[in-house]
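Notes follow the structure.
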Amino acid sequence: MVQTSAPAAPSERRARLEVLTLSTLGFTLMFAVWLMFGVLGIPIRKEFGLSDVQLSWLSAVAILNGSIWRLVAGILADRYGGKVVFTTMLFLTAIPAYLVSQAGSYQALLLYAFLVGFAGNAFSVGIAWNSAWFPREQQGFALGVFGAGNVGASVTKFIGPAIIASVPAAGYLGGLVPGGWRFVPFLYAVLLVLMGLAMWLFTPRQDKKPGQGRPLVQMLEPLRYVRVWRFSLYYVVVFGAYVALSAWLPKYYVDVFGLPLYQAALLTALFIFPASLLRPLGGYFSDRFGARRVMYWTFGIILLASGILMMPNGHIVLYLPTKYETDGLREVMRYTMTVWPFTFLVFLIGIGMGIGKAAVYKHIPEYFPKDVGAIGGLVGMLGALGGFFLPPLFAYTQTLTGLPQTTFFILFLLTLVSAVWMHLTVLSLLQQAAPELRDRFEYQGER
């Protein structure tokens, strides 16, 4: 029988709401900063004369730095409180955001992109912070609401093209405020400072620190469990691939379908919205039906959609006697993926990722209630590292094969491996629980 917490006092509920609201807004902004090169990369490519591989590394290094510190950030949030860690991160990220707007070469831009990518580590801080404030039976929904800050990936998709077109290239105040694409990171630098001030002033003064006083070795001990690394692989599928596609899809639309940047950005947002805004729904489903069952739904949706998207345009050629065809050839089963079916299938992938991200993190407080910062940080780190490796992998495989559809073949293969591993684990657990039934009943889902 699940034990529920006693009703919280009004002051406690207000404090929880303040933490959830400010952390979600801060994470939305940090996520927008982290993935801004998905849209800015197009005018940057034009200005600096970059190849597709060079452009992919610009996004990749930002994703890398937004991944490697997640374990550390989660542990620090558990030990010193999410408020001080999150606020500090906002102020620190404002510095490289400003420097991006001043970059004069590809090498400088690559360095500043790496530094500004630090914004991505805010996720594990927010997960640990909200987990500390919310009771177990509300954590799935609360973490889902916080995680919906992933929608920040679409912020630049909406404002970027309009700002680039409307702000003069010379900027304002004699160039003190840069123009064109450079105005976007400059604006983000200002907003990061303002968000840091708001978070410090309007969240509870007395924070919760579940890891305070615990030895570091004890906090890292759960990392030895295989299930932690399995959860990390799931998160590569639902989050790492989400990050990679958020940065990659604008270029895909421009290069494959010949769309202008503003249309490519808007259609990419149709992927980002469900992949972000459905995260609270995924948290609710995980609370209601169980995280494992939701992961089955997630993998099924992604496998179906990516399995179709990975098929290249073309047709089958049959060799026939000249009696039937003058040239001895007949083309059959023509297949061409147009922009609207493509967008619909990518939208389905976004749905799967949206509900799946919450389901992965629902596992963590269930198995490791005292180590959400460390475990959540590791899972987030490894998942986000998938977002680092995937854009260059997309670029190299496309260059090697000449087929842009290899992007979705990689996603299909990654999802298939994760789904098979999860299902084999489920079967093993069921056989251990009831070995006498192993040959009598097929698995019918979680009870």
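The values are calculated or read from the model by the stated rules, or taken from the named source; none is laboratory data. These numbers were taken from a predicted model, which means no experiment stands behind them. FYI the Cβ positions are ideal-geometry reconstructions off the backbone, even for glycines, and counts take in every protein chain you see.
Computed quantities for the displayed model
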quantity: Only one of Leu194, Leu173, Leu111 that is among the aliphatic types (A, V, I, L, M), surrounded by fewer than 17 Cβ atoms within 10 Å (Cβ to Cβ), out of contact with any Cys (no Cβ under 7 Å at 6 or more places or on another chain) and at positive phi; calculated: Leu173
quantity: Unmet criterion (only one of (1) aliphatic (A, V, I, L, M); (2) in contact with a Lys or Arg (Cβ under 7 Å, 6 or more places away or on another chain); (3) modelled with pLDDT of 80 or more) for Ala241; calculated: (2)
quantity: Qualifying residue in the range 236-254 (condition: of a type outside the set (Phe, Trp, Tyr) and either more than 30 Å from Arg45 (Cβ to Cβ) or in contact with a strand residue (DSSP E or B) (Cβ under 7 Å, 6 or more places away or on another chain) (or both)); calculated: no
quantity: Conditions (1) at pLDDT below 85; (2) touching an Asp or Glu at 6+ places or on another chain (Cβ under 7 Å); number of the one not met by Arg293; calculated: (1)
quantity: Condition met for Thr298 (surrounded by fewer than 24 Cβ atoms within 10 Å (Cβ to Cβ) and among the β-branched types (Val, Ile, Thr)); calculated: no
quantity: Verdict on Ala358 being closer than 15 Å to Arg293 by Cα and either in contact with a helix residue (DSSP H, G or I) (Cβ under 7 Å, 6 or more places away or on another chain) or modelled with pLDDT of 90 or more (or both); calculated: yes
quantity: Residue, surrounded by the most Cβ atoms within 10 Å (Cβ to Cβ), within the range 270-295, restricted to residues that are in a helix (DSSP H, G or I) and aliphatic (A, V, I, L, M); calculated: Ala275
quantity: Residue check for Leu413: out of contact with any strand residue (DSSP E or B) (no Cβ under 7 Å at 6 or more places or on another chain) and either of a type in the set (Phe, Trp, Tyr) or touching a residue at least 24 places away in the same chain (Cβ under 8 Å) (or both); calculated: no
quantity: Test: residue in the range 339-348 that is surrounded by 22 or more Cβ atoms within 10 Å (Cβ to Cβ) and in contact with a Phe, Trp or Tyr (Cβ under 9 Å, 6 or more places away or on another chain); calculated: yes
quantity: Residue count, the range 402-422 (criterion: at pLDDT below 90 and surrounded by 12 or more Cβ atoms within 10 Å (Cβ to Cβ)); calculated: 3
quantity: Meets criteria (aliphatic (A, V, I, L, M), part of a helix (DSSP H, G or I) and under 22 Å from Ala241 (Cα atoms)) for Val72; calculated: no
quantity: Identity of the residue in the range 380-395, at pLDDT below 85 and crowded, with 24+ Cβ neighbours inside 10 Å, that ends up farthest from Pro365 (Cα to Cα); calculated: Pro391
quantity: Residues being in a helix (DSSP H, G or I) and either over 14 Å from the mean Cα position of the chain (by Cα) or without any contact (Cβ under 8 Å) to a residue 12 or more places away in the chain (or both) - total across the range 224-269; calculated: 22
quantity: Some residue of the range 204-219 being on the phi > 0 side of the Ramachandran plot and touching a helix residue (DSSP H, G or I) at 6+ places or on another chain (Cβ under 9 Å); calculated: yes
quantity: Residue in the range 112-122 that is in contact with a Leu (Cβ under 6 Å, 6 or more places away or on another chain) and either in a helix (DSSP H, G or I) or modelled with pLDDT of 95 or more (or both) present; calculated: yes
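To keep it simple, each residue is scored yes or no on (1) crowded, with 17+ Cβ neighbours inside 10 Å; (2) assigned to a helix (DSSP H, G or I); (3) modelled with pLDDT of 85 or more; (4) on the phi > 0 side of the Ramachandran plot.
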residue	(1), (2), (3), (4)
Arg14	no, yes, yes, no
Phe27	yes, yes, yes, no
Met30	yes, yes, yes, no
Val39	yes, yes, no, no
Val53	no, yes, no, no
Lys83	yes, yes, yes, no
Phe86	yes, yes, yes, no
Met89	yes, yes, yes, no
Ala103	yes, no, yes, no
